[in-house]
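Please read the structure below before turning to the comments.
The values are calculated or read from the model by the stated rules, or taken from the named source; none is laboratory data. Here the structure is a predicted model, which is why all the values come from computation and not from measurement. All Cβ positions, glycine included, derive from the backbone under ideal geometry; neighbour counts span all protein chains shown. The accessibility values were calculated without ligands, DNA or RNA, using every heavy atom of the protein model including side chains. Shrake-Rupley method; radii C 1.70, N 1.55, O 1.52, S 1.80 Å.
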Amino acid sequence: MTRMKCNDARTFMSQIAGKSVTIQVQQSDVNFLSTNGYLSAMPKGDYDQAAAEVANLTQMNDALQNEIVEERITRAALAKDERKTHSILFHLEGRDEKEAEVAKVESERGAVAREDADIVERDSRIKELIQKKSAIDRMVPYDGLYLSLTGLGVLTLNDLNVRNYRVSDSDFSDFIEERMETLGELHSIAERGSFQVSNLRTRVLDADFSQLWNVSIGLAKLRADQSQINQRFLLALSNLHHFDSTLDNKMMAAEIMTSLSANPSQSSIDNSDLQNLTKTLQSLDHDLRHHAKVPKQISTGVAALVMFGRRYDGTYPTDRFQEFSRMTRSYEAAAILSVMSDPTNQLPGKFQAFRSMFSLWGYQTSDDTELASAFLAISDLGPDDVRLKMSIIVTALKNYLEYPLVAAAILTSIPTLEANETLDLMEKAYSSLWSFATGLERSELVSLSVRMIHGIKNEIVEKLDPTAKITNTPVQFTHAPSGLFFGYYGPLIIAHSSYYSTFSGIGGYHPAHVHGSGGGFGG
């Protein structure tokens, strides 16, 4: 254990990386960093010996190359003599001549074998010395030791640099504990998602791999037994087979129905409510299609989202949905806005303000701008709060997504993470996913990464300020959005077991979608 502060650890490790250490730290802190794999520490005597060993590396490599040339010459001579012993003329020679030729060949074979073994040994030694030279070249003298950062140290320094504005005064050991919990949770979500995919791909035969991964990440984030969640989802999906919407929308609705009963405090999930949920969804689907003119291809997904917004008095926000659907041609954006509790009726103004912001940025009105405006409107941030952060994230995501606006809005809406920290967390989610979701495109993995981290509750702060100091920072992944490539009439949103009044678990079903008509409104 160390009482070293994050800012001191960052400064010390940065100076080691820069090979110029001027800061003094406790020896116990150096021991902690070395023992836990962040630093490589070498006594001066060992360093001097290692430096002497690698001093002749160039000459050793030259000698190896010369031996390789000699071995090739010897091998060529051996091949020539072997051919001679198999020729017709060889059989015409006398006994003594034959024995001499055979003995010569055997001698040459032995020489080649010895040279080969020596080359392998020398090559192995040179590779070992190259690694040692690489290590000592990175080392810097400090208080009788020579220090360098390990691979883990480099990654940790990067995390410290990203989060320095937040954690500089925190204990380094607390930061490490939180970092490992975050990485562990991301890995766990990816692993549980892989479990869900393997179980669903033999049961939902019409879904492609990306669709399965999209819904599986959502199911993986539900805090209940994954086998029971899988069973509940399949039961919910089977209840929707007679609905007219696309498979994407049915899967989204089934995930929402699954989340409405996934309570981690229960030893088992009770599925007796699915029939009532199905009847409620059918009624809402009918009302939205006939009264709000929602197309049947997406009506089940939109109805499921409205069902997710059930009020305390048992009613559903269909009135608010119709109100917002008169403001926007995006039914998904209207649904996002309608389920948000808004007693002071601020949402319409916030929604319009974000639409105006995107218009000033040069974006034409489209599903992207409407959805992005909706996600930002239900956050605790206003246009003035997000302009810089949003622009940084959009610029970064353009490297991976053709249409990054919705994904950028989802990430920007995380209120207490600044832009670089948000992108860093998304990168960690990506790293956790790629080994499980082999076969997906990079853009699909980025979209899934957005889905993994959206909805995190990462702080307890007195005021929702993007630069507020965290008083307690365990990352709690509680709910999320977003998904993968789909065709025309794919659902663009998903709700996901947030159980918080802000409904921050609602997210983009597909924040990097392929548009049916150039990013405009689907009809």
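The table below gives the values:
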quantity: Residue tally, condition of a type in the set (D, E), in contact (Cβ under 8 Å) with a residue 60 or more places away in the chain and assigned to a helix (DSSP H, G or I), over segment 381-406; calculated: 1
quantity: Pair list, Cβ under 8 Å, 6 or more apart: segment 47-70 residue open to solvent by less than 60 Å² (accessible area, probe 1.4 Å), other residue among the basic types (K, R); calculated: A50/K132; E53/K132; V54/K132; V54/K133; L57/K133; A63/R122; L64/R122; E67/R122
quantity: Qualifying positions in segment 73-96 - modelled with pLDDT under 85 and either touching a Cys at 6+ places or on another chain (Cβ under 6 Å) or open to solvent by 100 Å² or more (accessible area, probe 1.4 Å) (or both); calculated: R75, K80, R83, H86, I88, L89, H91, L92, R95, D96
quantity: Matching residues, segment 216-246, being free of Cβ contacts under 8 Å to residues at least 40 places away in the same chain, over 22 Å from E185 (Cβ atoms) and buried (at least 19 other Cβ atoms within 10 Å of the Cβ); calculated: L237, N239
quantity: A304 vs. criteria under 30 Å from D384 (Cα atoms) and either crowded, with 23+ Cβ neighbours inside 10 Å or of a type in the set (V, I, T) (or both); calculated: no
quantity: Members of segment 415-440 found to be assigned to a loop (DSSP other than H, G, I, E, B) and either within 8 Å of the chain's Cα centre (by Cα) or closer than 13 Å to I189 by Cα (or both), listed by number; calculated: S435, F436, A437
quantity: All positions within segment 334-360 that are touching a residue at least 12 places away in the same chain (Cβ under 8 Å) and aliphatic (A, V, I, L, M); calculated: A334, A335, I336, L337, V339, M340, L347, A353, M357
quantity: Near pairs, Cβ below 6 angstrom, 6+ apart or cross-chain, from segment 407-427 (of a type in the set (D, E, K, R)) to any residue that is assigned to a helix (DSSP H, G or I) and surrounded by fewer than 24 Cβ atoms within 10 Å (Cβ to Cβ); calculated: E421/V162; D424/V162
quantity: Any chance F32 is in a helix (DSSP H, G or I), buried (at least 16 other Cβ atoms within 10 Å of the Cβ) and touching a residue at least 24 places away in the same chain (Cβ under 8 Å); calculated: yes
quantity: Hey, T58 part of a helix (DSSP H, G or I) and either more than 30 Å from A135 (Cα to Cα) or touching a Cys at 6+ places or on another chain (Cβ under 6 Å) (or both) or not; calculated: no
quantity: Check on T422, farther than 22 Å from Q352 by Cβ, open to solvent by less than 10 Å² (accessible area, probe 1.4 Å) and at pLDDT 90 or above; calculated: yes
quantity: Selection count where residues are assigned to a helix (DSSP H, G or I) and not polar (S, T, N, Q), scope segment 305-361; calculated: 27
quantity: Single residue of I130, I126 found to be open to solvent by 60 Å² or more (accessible area, probe 1.4 Å), closer than 23 Å to V54 by Cβ and touching a residue at least 12 places away in the same chain (Cβ under 8 Å); calculated: I130
quantity: Segment 142-153, residues that are exposed (fewer than 14 other Cβ atoms within 10 Å of the Cβ) and not in a loop (DSSP other than H, G, I, E, B); calculated: G151, L152
